[in-house]
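Taken together, the values in this text are just the output of simple stated rules run on the coordinates, not laboratory data. Worth saying up front: this structure is predicted, and the values here are computed from it rather than measured.
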Amino acid sequence: MNREELNQKLSVIISNETISGNEKHNQITELFEKSHMENVRMQVHGMQLNEGKFEELARPMIKYLCENHHPHVTVIITPTGAELLSGLKTIGYIDDYILD
């Protein structure tokens, strides 16, 4: 699938008003997985995001966390710093109240 076909299919999914936001997310994810394009550049909030580079940079942090911390930690990295958080308790992911 070339970029033009990918963009056309994305446009169809995004403009479909009969499906929920979560379903759109699932369909877009599935479309990218099927496209087998490792370095697809997509427009995200006005910025270009190179998915291949993002994964390349994230993997060392994931490895570090697995080797040095318990599985309930989270890292938030911003342009000005990084924060290591430890979850004490969770009730899981609840999307009952999200408006589509």
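Numerical summary
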quantity	calculated
All lysines inside 25 Å of residue 89 as judged from Cα atoms, apart from same-chain residues fewer than 8 positions distant	63
Theoretical gain in end-to-end length, residue 15 to residue 29 [0.36 nm per residue, Cα-Cα removed]	3.5 nm
